[in-house]
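Q: Sharing a structure here in structure tokens format.
Derivation of every value follows stated rules applied to the coordinates shown; laboratory data play no part. Keep in mind the model is a prediction, meaning the values are calculated, not measured. Cβ sites come from the backbone with ideal geometry, for glycine too, and all protein chains shown count toward neighbours.
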Amino acid sequence: MKLYHLVRMKEKCSLKMKKIALVKWSIDRTDGGLKVATSLANELSAMYEVHLLSMISTEKNFFSLKQSVRYQNLSPKKISMSKNFLDAVKLLRNYLKEQSIDIVFGIGMSMNTVGVVSTIGLKTKFVSCDHTNSIVDIDTKVKKIQRYIGAKFADKLITLTQEDCENYIKKYGVPEEKICYIYNWKEDPLSNLTYNIYATKIVTVGRFDSQKGYDYLVQVAKKVLTKKSDWTWEIYGSGNQDEVDKIRNLINENNLQDKLYIKGLEKNQDLIYGDKGIYVMTSRYEGLPLVLLEAQQYNLPIVSFSCPTGPNEIVENGVNGYLIDCYDVEAMSNRLLELMNDKELRNRFSSHAKDNIEKFNKDRIIHQWIDLIEEVSGGKNV
């Protein structure tokens with residue numbers, strides 16, 4: 001990237017490269033937060049020494065890491081946040097001191113308490129990255145405490161949307177200069193596949209969790225797939241086995257086992273999106289759903305609940321998709337059927353899928369991260 005080459009040339013004149021760490025409690029779940037953290041680590045490693053840390057993981061990162069990124073699992077065994085809090089603090093604090101980390105980014109609310117306490121008395125700055133949102137009141141008491149600690153004691157807060165940024169300012173009294181929002185970026189697709197208006201597959205991607213609203217998805221699938229016998233629907237993702245079993249049972253109870261398929265994990269985005277006609281999202285809430293950006297890169301029309309937050313910032317209703325009132329299964333089914341029945345409408349929506357490409361431009365967003373790192377660390381490498 002041109003931006004990287006420019007910054008890299010400047011960095012060659014430096015005596016010391018800044019060291020940053022991105023830390024997540026666990027990487028055993030292949031969620032959007034992990035994918036964003038991995039991509040960010042890969043890109044920032046062009047100009048910083050980047051460490052990707054996990055507190056308790058026993059598995060390798062599902063997503064590919066560049067050799068320039070230093071990955072480290074801090075605990076050789078599973079530990080509990082509630083029972084082993086001080087152990088977790090000691091593990092992270094020791095690593096930050098030994099490696100002379102300048103900035104540590106806590107990915108997700110679970111890292112706020114550990115991150116804040118671990119950096120007390122150190123020169124290391126702690127930045128809280130909220131990859132869900134603070135608007136929907138679904139947090140447990142522990143999560144509420146973690147979010148509050150991040151809001152009050154982190155050196156900087158990053159949200160995924162302007163709406164969530166404004167909520168932090170209003171709800172927690174966070175000073176405007178202490179918080180900002182940075183979008184996820186759009187990655188280029190693996191290949192230049194063109195949209196196929198004759199495709200008769202719907203796709204949904206996301207981990208199996210109540211948040212994703214797959215119970216709503218089955219209800220919608222029942223309404224549309226019984227009327228359009230030539231269409232099928234694929235769900236890609238893994239997650240809580242109880243949730244997988246619950247959704248599989250719902251699929252069987254509604255006699256959809258030959259129409260609605262659980263496909264599991266898949267790295268190849270061409271296989272996920274390439275032969276599909278429509279993308280559907282039924283989430284109860286989100287941060288800024290990366291999957292919608294990915295679907296748009298493959299020119300897919302989108303039908304999504306207008307849940308907080310994210311879909312409204314990605315999908316333009318009636319232009320490149322449909323936004324449906326939460327959680328109106330009937331309305332979603334009707335809009336979806338409208339698209340399934342009209343290939344010209346699908347084609348029109350597809351032609352506008354990348355209208356927001358500049359809003360989620362990768363170079364611009366990475367530049368925002370670089371500016372933030374320089375601001376928090378106090379300027380240029382020395």
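Q: For the chain, what is the Kirkwood estimate of the hydrodynamic radius, computed as the reciprocal of the mean inverse distance between distinct Cα atoms, to one decimal in Å?
A: 21.8 Å is the Kirkwood radius here.
Q: Could I ask something else about it? Multiplying the sequence separation of residue 87 and residue 99 by 0.36 nm and subtracting their Cα-Cα distance, what value in nm do you get?
A: Extra length available between residue 87 and residue 99 comes to 2.5 nm.
Q: A follow-up question, please. May I ask you to derive the FRET efficiency for residue 162 and residue 265 from their Cβ-Cβ distance with R0 = 35 Å, giving the value to the nearest 0.05?
A: Plugging the Cβ-Cβ distance into 1/(1 + (r/R0)^6) gives 0.65.
Q: Also, I was wondering about something else. Can you list the lysines whose alpha carbon is less than 24 Å from that of residue 18, not counting same-chain residues fewer than 8 positions off?
A: 2, 10, 35, 66, 90, 97, 123, 125, 156, 178, 362, 380
Q: Okay, next question. Compute the acute angle (0 to 90°) between the alpha-carbon long axis of helix 214-225 and the principal axis of greatest extent of the alpha-carbon atoms of the chain; round to the nearest 10°.
A: Long axis of 214-225 versus the principal axis of the chain: about 30 degrees.
Q: When the dipole is taken about the Cα centre of the chain, and only Lys, Arg (+1) and Asp, Glu (-1) are charged at their Cβ, what size is it in debye, to the nearest 20?
A: For the chain, the charge dipole is close to 1300 debye.
Q: Can you compute the modelled spin-label distance between residue 228 and residue 140, with each label point 7 Å from Cα toward Cβ, in nm?
A: Each label point is offset 7 Å from its Cα along the Cβ direction, giving 3.9 nm.
Q: Please give the helix 362-377 orientation as an angle from the longest Cα principal axis of the chain, in degrees from 0 to 90, rounded to the nearest 10.
A: 30
Q: Show which aspartates and glutamates lie in cross-link reach of residue 78 when reach means a straight Cα distance below 12 angstrom and same-chain residues fewer than eight apart are skipped.
A: Cα-Cα hits under 12 Å: 28, 59, 87.
Q: Taking the simple approach of a point 7 Å from Cα along Cα-to-Cβ for both residue 328 and residue 80, what is their distance in nm?
A: Placing both labels 7 Å beyond Cα along the Cβ direction yields 4.5 nm.
Q: Can you give the angle from 0 to 90° between the axis of helix 2-11 and the longest principal axis of the chain, with both taken from C-alpha atoms, to the nearest 10?
A: Relative to the chain, helix 2-11 is tipped by roughly 10 degrees.
Q: Then there is this: Filter the chymotrypsin sites (Phe, Trp or Tyr not before Pro) in region 162-254 down to the DSSP loop ones having no more than 12 other Cβ atoms within 10 Å, then list what survives.
A: Those satisfying the criteria are 198.
Q: Leaving out same-chain residues fewer than 8 places away, which lysines sit with a Cα under 17 Å from that of residue 143?
A: Straight-line reach from residue 143, under 17 Å: 24, 83, 152, 171.
Q: Select from region 330-382 those GluC sites (Glu not before Pro) which occupy a DSSP coil region and have at most 12 other Cβ atoms within 10 Å, ordered by residue number.
A: Here the GluC sites (Glu not before Pro) that fit, given the DSSP loop and packing criteria, are 358.
Q: Also: Who wins for biggest fluctuation among 292, 372, 160 in a Gaussian network model of the chain, springs between alpha carbons below 10 Å?
A: 372
Q: Could you tell me which residue out of 91, 307, 168 lies farthest along the dipole of the chain toward its positive end? Charges go on the beta carbon: Lys and Arg +1, Asp and Glu -1, centred on the Cα centre.
A: Working it through, the farthest residue towards the positive pole turns out to be 91.
Q: Quick one: Cα centre-to-centre distance for region 208-255 and region 68-138, in angstrom?
A: 35
Q: Now, a different point. Enumerate by residue number the GluC sites (Glu not before Pro) in region 228-282 meeting two conditions: DSSP loop (anything except H, G, I, E, B), and at most 16 other Cβ atoms within 10 Å of the site's Cβ.
A: Loop-located and lightly packed - 266.
Q: Obtain the nm distance between the two label points defined at residue 248 and residue 275 by a simple spin-label model: each point lies 7 Å from its Cα along the Cα-to-C-beta direction.
A: Here the answer is 2.3 nm between the modelled labels.
Q: If you add up the charges near residue 196, with Lys and Arg at +1 and Asp and Glu at -1, over every other residue whose beta carbon is less than 13 angstrom from its beta carbon, what do you get?
A: Net charge in that neighbourhood comes out at +2.
Q: Determine the relative contact order of the chain: mean sequence separation of Cα pairs under 8 Å and six or more apart, normalised by residue count, in whole percent.
A: Relative contact order for the chain comes out at 15 percent.
Q: For region 201-351, what does the equivalent ellipsoid look like in terms of its semi-axes, each the square root of 5 times an eigenvalue of the Cα gyration tensor, given largest first in whole Å?
A: 21, 17, 15
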